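One structure below.
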Amino acid sequence: MAPKKTDNKKVVAENRRARFDYRIGDVLEAGIMLVGTEVKALREGKATIAESYASPENGELWLINANIPEYSAGNRQNHIPKRPRKLLLHKKEMARMVQSVERKGFTLVPLRLYFNERGIAKLELGIGEGKKLHDKRDTQKDRDWSRQKQRLMRDRG
């Protein structure tokens with residue numbers, strides 16, 4: 001699967017389920033510390049961030065449980081696929097994120113992993129509040145109704 005390109009960004013991995021499971025508030029871009037074989041594996045378009053989350057530890061932000069598989073042409077010094085990776089943010093941004101995580105029910109959800117126009121790997125993080133089951137049902141009902149409304153308008157007009 002080749003990375004898709006949207007507005008000068010090559011999206012490598014997208015967490016499509018995040019907006020269904022969480023109400024996303026603030027969104028911000030964070031750098032990510034990677035080793036060489038991880039960058040090459042990302043350029044091949046191989047990564048999953050579906051089960052991952054960001055966690056503040058010792059005054060730093062870490063990406064936990066993101067899977068970047070080993071680089072196919074790598075040697076025995078290939079990287080560990082699910083290792084924690086440090087996220088790079090300004091101190092004020094990090095303080096704002098940590099404050100929101102410490103509040104009840106909020107979590108840092110990775111939304112997209114991509115290369116920006118300069119070719120640097122970036123992670124889009126959102127501050128998410130977990131949805132309850134009835135909220136998810138409401139979201140699905142609204143989405144279904146808007147689809148049906150579009151069909152009706154298309155058939156009539």
**Asked** Out of the residues in the range 54-70 that are part of a loop (DSSP other than H, G, I, E, B) and among the small types (Gly, Ala, Ser), which is nearest to Gly126 (Cα to Cα)?
**Response** Ala66
**Asked** Which residue out of Gly25, Gly36, Gly59 is surrounded by fewer than 16 Cβ atoms within 10 Å (Cβ to Cβ) and within 15 Å of the chain's Cα centre (by Cα)?
**Response** Gly25
**Request:** Kindly indicate whether Ala95 is over 23 Å from Glu51 (Cβ atoms), assigned to a loop (DSSP other than H, G, I, E, B) and among the aliphatic types (A, V, I, L, M).
**Result:** no
**Request:** Look at Ala73 and say whether it is under 21 Å from Arg23 (Cβ atoms) and in a loop (DSSP other than H, G, I, E, B).
**Result:** no
**Request:** Working only within the range 117-137, note down all residues that are at pLDDT 85 or above and of a type outside the set (A, V, I, L, M).
**Result:** Glu117, Arg118, Gly119, Lys122, Glu124, Gly126, Arg137
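The values are calculated or read from the model by the stated rules, or taken from the named source; none is laboratory data. For clarity, every value in this text was computed on a predicted model and none was experimentally measured. Cβ coordinates were reconstructed from backbone atoms using ideal geometry, including for glycine residues, and neighbour counts include every protein chain displayed.
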